[in-house]
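This report concerns only the one structure given below.
The values are calculated or read from the model by the stated rules, or taken from the named source; none is laboratory data. This structure is a prediction, so every number in the text was calculated from the model and none was measured. FYI the Cβ positions are ideal-geometry reconstructions off the backbone, even for glycines, and counts take in every protein chain you see. Accessible surface areas use protein heavy atoms only, side chains included; no ligands, DNA or RNA. Shrake-Rupley method; radii C 1.70, N 1.55, O 1.52, S 1.80 Å.
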Amino acid sequence: MKKLLTAFAITLAISGCKTSPTGRTQITLYSDQQMSEMGVASFSQMKEQQPIEADKATNAYVKCIADHLIDQLPAEYASQQWEVVVFKEPSANAFALPGGKIGVHTGLLEVAKNQHQLAAVMGHEVGHVIAQHANERVSQNSLLQFGLQASNVALQMGDVQYRDAIMQGLGLGAQFGVALPFSRSHESEADIIGLDLMAKAGFDPEGAVALWQNMEAASEERPPEFMSTHPAPQSRIANLQQGMIKARELKQQAWQSGSKPQCK
């Protein structure tokens, strides 16, 4: 039986091999529909259990940035009906889920000082979605545990065992408001994807560097980078600066075509 399970896992892994937008090999066992079901179910649960910001100006500001970013997504994502919700939550976090869902915490608005800095975070989170990082992580959990079956995992949100595993795979915590980081490779990949995305939308990519400088200044004492799955702010800034030449060119092209967001 152990040999059969091992062979089954290897077969699944081979059949699920794909290449990320940056050329990295990844294993994604779940269909886009299954991932969307997980994302929609998780988002619905969050809206039921977390307070939502009602201020119209705040919601309009966040949605304005989201709309500009969504317009630059690949067609299969840009055509989705995206839902953007601002949650009353003091942590400086945001997230995006398969199925066209974006959540922004009010605490982030205190650290992201303008549209360019907030676009950097939101572009990063959407980058996780288009790079299928959630699919990759849920797939890894499935191969390790054999407890999540591809045929019915999206239907198990009511089961704590499955819900927690799904939430972790999506980059969320079992306790809403605690955003679990993806791996360092996922985070770095999403940084670059998000940088290009925000620049294509006409936001200033320099805002991404400024955002992480703000994050570093606002954060309390951090553990060493090797003890955390999140890259240290200085490492993120160095990674972003490596992609800045291309990003500046993309921003200039966007401005020349008339795409210059004015989200306030």
Query raised in the report: Can you name the condition, by its number, that Gln80 falls short on among (1) crowded, with 23+ Cβ neighbours inside 10 Å; (2) of a type in the set (S, T, N, Q); (3) modelled with pLDDT under 95?
Result: (1)
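With segment 165-264 as the region, which helices (runs of 4 or more DSSP H) entirely inside it contain at least 2 residues that are under 14 Å from Ala120 (Cα atoms), among the charged types (D, E, K, R) and at pLDDT 75 or above?
184-200, 244-256
Can you confirm whether Lys101 is open to solvent by 20 Å² or more (accessible area, probe 1.4 Å) and within 14 Å of the chain's Cα centre (by Cα)? Give the steps one after another, and end with the answer.
On the way: open to solvent by 20 Å² or more (accessible area, probe 1.4 Å): yes; within 14 Å of the chain's Cα centre (by Cα): yes.
Spelling it out, Lys101 is indeed open to solvent by 20 Å² or more (accessible area, probe 1.4 Å) and within 14 Å of the chain's Cα centre (by Cα).
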Report task. Would you confirm whether any residue within segment 84-97 is in contact (Cβ under 8 Å) with a residue 60 or more places away in the chain and open to solvent by 50 Å² or more (accessible area, probe 1.4 Å)? Result -> no
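Return a yes/no flag: does segment 50-66 have any residue that is open to solvent by less than 30 Å² (accessible area, probe 1.4 Å), assigned to a loop (DSSP other than H, G, I, E, B) and either modelled with pLDDT under 95 or in contact with a strand residue (DSSP E or B) (Cβ under 9 Å, 6 or more places away or on another chain) (or both). Give the steps one after another, and end with the answer.
Within segment 50-66, the first condition is being open to solvent by less than 30 Å² (accessible area, probe 1.4 Å), and the residues that meet it are 50, 62, 65-66.
With the extra rule that they be assigned to a loop (DSSP other than H, G, I, E, B), the set shrinks to 50.
Retained after the next criterion (residues that are either modelled with pLDDT under 95 or in contact with a strand residue (DSSP E or B) (Cβ under 9 Å, 6 or more places away or on another chain) (or both)): 50.
Looking for residues that are open to solvent by less than 30 Å² (accessible area, probe 1.4 Å), assigned to a loop (DSSP other than H, G, I, E, B) and either modelled with pLDDT under 95 or in contact with a strand residue (DSSP E or B) (Cβ under 9 Å, 6 or more places away or on another chain) (or both), one finds at least one in segment 50-66, hence yes.
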Report summary line: Scanning segment 39-49 for residues that are of a type outside the set (Ser, Thr, Tyr) and farther than 13 Å from Val104 by Cα, the one least open to solvent (accessible area, probe 1.4 Å) turns out to be Gly39
Report task. Kindly indicate whether any position in segment 27-48 is modelled with pLDDT under 95, under 17 Å from Asn135 (Cα atoms), within 14 Å of the chain's Cα centre (by Cα) and in a loop (DSSP other than H, G, I, E, B). Result -> no
Requested in this report: Pull up segment 122-136, narrow it to residues that are in a helix (DSSP H, G or I) and open to solvent by 20 Å² or more (accessible area, probe 1.4 Å), then point me to the one that is nearest to Ile65 (Cα to Cα).
Outcome: Glu125
